[in-house]
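These notes are about the structure you will find just below.
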DNA sequence: CGGCATCCAATAGGATACTG
DNA sequence: CAGTATCCTATTGGATGCCG
C-alpha cells in the first residue's frame, strides 16, 4: 500500500468508477441501490434494528421473496447486518452498518421527495394527458 | 380552494402520502424515480439541455427504447422538458424543469455514492462470499 | 435525427408448499 | 419466526424494421 496524498486519492477515485459507462461496476451498484425495496428497507431500518417480521409489516405488500432477497443483497454489499438469535422460534434482527448509514440520507431524501412532490407530479401528468 | 396556514398544509401533506403503503401513489412515484436510467438521465441533464443523441452517447449502452421511454415518463411527470426544433432533420432538446432540478441533488448524490463507495462494497462482497 | 411499432428473450417477482 | 425451493406469470428491455 503506497502512501498518497488526499488529493491523489481523490483524483484516483474520481477516475476509477463512472456510472455512465456500461461495464463499470458502479453502474451495477447504481442499479442495485436504485430500487424501491432498497429505499424502503433502508428507510425502515433508520429507526434502528428491526426484526424480519417488523420490516415485513412496515413495508406493506412486500413479498417474502423480495424482502429476503433484498436484505441478502444489502447484507452482501455491506449495508446491512443480520443477527440471528437462536431461540425457538428463531429471531433475526436487521440493522444498518456504518456504510449503510452513509446511504441513509440519500434514501430518505428520495422517499421524502416522492411523498412531498406527489401533488406536483399528479398535476404535471394531468397537463400532459389532457394536452396530448 | 380554502386558505390554510403553512403548518396546516404541512400536516396535511405529511399525512397525505406514505410510500410504505402499497396503494399510495407515492409508492409508484418512488418506484419510478428509483431507476438507474432516471438517475443517469437527470445527472446528464444537470449540465444543461442536451440533444437526444448527446444523451444517448453520454449514457453508454442505453437502448433507444429505454432512453425514449424514460424521457417520456420524466416529461409526463413534469421533471423534463422536450423541445422540438422542426428543422430537417429534426432536432430535439431535453432539459430539466424547475421540479426536475429539485430532484437533481438526490440523483447526483446517489450516482456519486455508487461511484465513491464501490471499493467498500467490493470488499464487503469478498468478505461475504469467502465466509459463506 | 429522433423517434414508433413489433417481436422475442431474459429477468423480476408473486403464489404456493415445505422446513429448522 | 424466518426463511428455502419451486413454479409460473408478468414485466423489462434488447433487436429489428420502418417513418416524418
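Brief remarks follow.
- Once the Cα-Cα distance is subtracted from the 0.36 nm per residue extended length, the residue B:85 to residue B:18 segment shows a gain of 20.1 nm.
- Among residues of chain A, the one whose beta-carbon sits closest to the A-to-B rotation axis is listed with its distance in Å as A:34, 3.
- Extended-chain gain in nm, criterion 0.36 nm per residue less alpha-carbon gap, residue B:102 and residue B:28: 24.8 nm
- Distance between the 7 Å Cα→Cβ label points at residue B:65 and residue A:58: 3.7 nm.
- Rg and Dmax of the protein assembly as shown, based on Cα coordinates, read 20.5, 73 Å.
- Over chain A, the hull volume per residue, using the convex hull of the C-alpha atoms, is 195 Å³.
- Per-residue ellipticity at 222 nm computed for chain B from its helices equals -19500 deg cm²/dmol, with DSSP H segments shorter than 4 residues left out and the rest contributing -39,500 (n - 2.57).
- Shielding score for B:94-105, defined as the mean number of other chain Cβ atoms within 10 Å: 2
- Shortest first, residue B:51 label-point distances to identical copies amount to 6.1 nm, with the label point at 7 Å from Cα along Cα→Cβ.
- The stretch B:55-117 versus the stretch A:68-109: alpha-carbon centroid distance in Å: 32
- Label 7 Å beyond Cα on the Cβ vector: residue B:102 copy-to-copy distances, nm: 3.0
- Using C-alpha pairs under 8 Å with a sequence gap of at least 6, the mean separation divided by the residue count of chain A gives a relative contact order of 21 percent.
- If R0 is taken as 45 Å, the Cβ-Cβ distance between residue B:93 and residue B:126 corresponds to a FRET efficiency of 0.55.
Since every read-out is calculated from the coordinates, none of them should be taken as a lab result. Bear in mind that the values here come from a model prediction, so they are computed numbers and not experimental data. Methodologically, a virtual Cβ is constructed for each residue, glycine included, from the backbone with ideal geometry; neighbour enumeration extends over all protein chains shown.
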